[in-house]
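Participant: Sharing a structure, written as structure tokens. Questions coming.
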Amino acid sequence: MTPPTPGTIQLILRVQCPDRRGIIAAVTQAIARADGNIVDLAQHTATECDLFFLRSVVEAGPEFDESRLREALDELKPVLQLDYELRRPGEPPRVGILVSKTSHCLYELLVKHREGELPCVFPCILGNHATLDHVAGQFGIPFHCVPTDGGKQDHERRIDTLLREHRCDFVVLARYMQILSPDFICAWEG
């Protein structure tokens, strides 16, 4: 990524939604209305699950209004079923961890992070059992128990909601002993 022009900042916008016509036009118009300038844009459609992904680097000068961009993107959410993330480069990625009952993989991740070997943020740990709640507590990370008793679809919906509430960029399965559906995997692809 090229450094920003003097007097500007750069933001990274990531978008995901079901594929359809007009997504790029709608998103780029939202950026332009907020006085942002697109310096890089890449998009991809995962045809196997009919999802559209976009990543853009937006350069913003003094006229730029981030809240105006967020408002415009929020207006697109119901229309395009759009999820988005807007952050500054250099901010460490936010990684949600899914676990079951076995602790060794979770400990490995958390210790490596504590020792500076994993440059990320772990905003949450989600488990389908409460067994590893104490491990999360040792490292000061919120733990959410999401049992599978409501069925697979409901379970994955609740996990997805929590990951998005914690603004996770990625998901790591640390001995998570559930088979995830293709829809869930496509939603967190990349």
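Participant: Select the helices (runs of 4 or more DSSP H) contained entirely in region 107-190, then report the ones holding at least 1 residues which are within 18 Å of the chain's Cα centre (by Cα). So that I can check it myself, show each step before the final result.
Facilitator: Numbers: elements: 133-138, 152-165, 182-187.
By residue number, 152-165, 182-187.
Participant: Would you be able to say whether some residue in region 89-103 is without any contact (Cβ under 8 Å) to a residue 60 or more places away in the chain, out of contact with any Leu (no Cβ under 6 Å at 6 or more places or on another chain), closer than 28 Å to Leu180 by Cβ and not in a loop (DSSP other than H, G, I, E, B)?
Facilitator: no
Participant: May I pose another question? Looking at Leu54, Leu69, can you tell me which residue is open to solvent by less than 60 Å² (accessible area, probe 1.4 Å) and not in a strand (DSSP E or B)?
Facilitator: Working: Leu54 fails: not in a strand (DSSP E or B).
One residue alone meets the criteria, Leu69.
Participant: Moving on. Check Pro119 against each of (1) without any contact (Cβ under 8 Å) to a residue 40 or more places away in the chain; (2) in contact with a Cys (Cβ under 7 Å, 6 or more places away or on another chain); (3) of a type outside the set (Asp, Glu) and name the one condition it does not meet.
Facilitator: Unmet for Pro119, out of (1) without any contact (Cβ under 8 Å) to a residue 40 or more places away in the chain; (2) in contact with a Cys (Cβ under 7 Å, 6 or more places away or on another chain); (3) of a type outside the set (Asp, Glu): (2).
Participant: Anything in region 40-63 that is modelled with pLDDT of 85 or more and more than 27 Å from Cys186 (Cα to Cα)? List them, or say none.
Facilitator: Glu59, Ala60
Participant: I need the full set of residues from region 174-190 which are surrounded by 14 or more Cβ atoms within 10 Å (Cβ to Cβ) and among the hydrophobic types (A, V, I, L, M, F, W, C), in order please.
Facilitator: Ala174, Leu180, Phe184, Ile185, Cys186, Ala187, Trp188
Participant: Would you mind stating whether Gly96 is in contact with a Ser or Thr (Cβ under 7 Å, 6 or more places away or on another chain) and open to solvent by less than 30 Å² (accessible area, probe 1.4 Å)?
Facilitator: no
The values are calculated or read from the model by the stated rules, or taken from the named source; none is laboratory data. None of the values given here were measured: they were computed from a predicted structure. Quick reminder, even Gly has a Cβ in these numbers, built from the backbone with ideal geometry, and neighbours come from all protein chains shown. For accessibility, only protein heavy atoms count, side chains too; no ligands or nucleic acids. Shrake-Rupley method; radii C 1.70, N 1.55, O 1.52, S 1.80 Å.
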